[in-house]
Each structure stands twice: as C-alpha cells, then as structure tokens.
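The values are calculated or read from the model by the stated rules, or taken from the named source; none is laboratory data. Everything numeric here is computed off the predicted structure, so don't read it as measured data. Cβ placement follows ideal geometry from the backbone for every residue including glycine, while neighbour counts extend to all protein chains displayed.
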C-alpha cells in the first residue's frame, strides 16, 4: 500500500475530488517533525495527513503526518464544511478509538502500527 499524503485544505475544501490515488507530496523529501504534546493538537496544527482510508463521497480517515503525532481525523465528506462533519481523536488511546469508530461506520483500518513513539506529557 502506497503512502498518500494530503493537506488539510485539500481534505476539507475539495470534498468531491475523485483522484486521491497518487501522492501529492514526495514523502522522502519532506521533513517530519514530531509533536511535543505540550498541548492538545487541533486540526489547524497539521499541515499534512496520511490517508488511511477513503471512500468517495462518504468518508476519509487520516492520521497526522506533519507534525507526526497520535492524532486522527475522520471526515464525513458530505458534511466536511461543518464541525459536525469532522471527528478527531488525540493521544495515547487515539488509535484504538479511531479503529472502533471506523468499524462502526463500516470502514476498516488495516494498518495496526503505532504512529509515534512519543509519550504525551501530563
């Protein structure tokens, strides 16, 4: 499975774009900055996302790639222009939470690796 990276604006502003099969960014030339967990991450903190799952017109599931962190976003494509159309999951349990939510929506995230080795501060 190839790495598909997308910008935040590409995800939430161009909801009906069909061809997300090609990388828009060459990952080997991008700097990866890890999140320092000094505060809770929000969508505006992320410049690039790795696409984990995408079903045209319905749902997209993404993980923060730049900065690199345990921060996931589920975008309900039809409603991505409103807050209720986007769900986020942050922190040590985020991966398990997004897996459960994805399953409840009929989506399966097959990659089971933990995205970062950093530990959020208390």
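Given the structure, is residue 62 modelled with pLDDT of 95 or more, touching a helix residue (DSSP H, G or I) at 6+ places or on another chain (Cβ under 8 Å), within 16 Å of residue 9 (Cα to Cα) and surrounded by 16 or more Cβ atoms within 10 Å (Cβ to Cβ)?
On the way: modelled with pLDDT of 95 or more: no; touching a helix residue (DSSP H, G or I) at 6+ places or on another chain (Cβ under 8 Å): yes; within 16 Å of residue 9 (Cα to Cα): yes; surrounded by 16 or more Cβ atoms within 10 Å (Cβ to Cβ): yes.
The answer is no for residue 62.
Mind listing just one residue for me: the one in region 24-35 that is under 13 Å from residue 64 (Cα atoms) and surrounded by fewer than 15 Cβ atoms within 10 Å (Cβ to Cβ) and, of those, modelled with the lowest pLDDT? Give the derivation first.
As a first pass, look at region 24-35 and keep what is under 13 Å from residue 64 (Cα atoms): 32-35.
Restricting the remaining residues to those that are surrounded by fewer than 15 Cβ atoms within 10 Å (Cβ to Cβ) gives 32-34.
Working: 32: 68, 33: 79, 34: 83.
Checking each candidate, the answer is 32.
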- Quick check: anything in region 37-48 surrounded by 19 or more Cβ atoms within 10 Å (Cβ to Cβ), at pLDDT below 95, in contact with a helix residue (DSSP H, G or I) (Cβ under 8 Å, 6 or more places away or on another chain) and in a loop (DSSP other than H, G, I, E, B)? yes
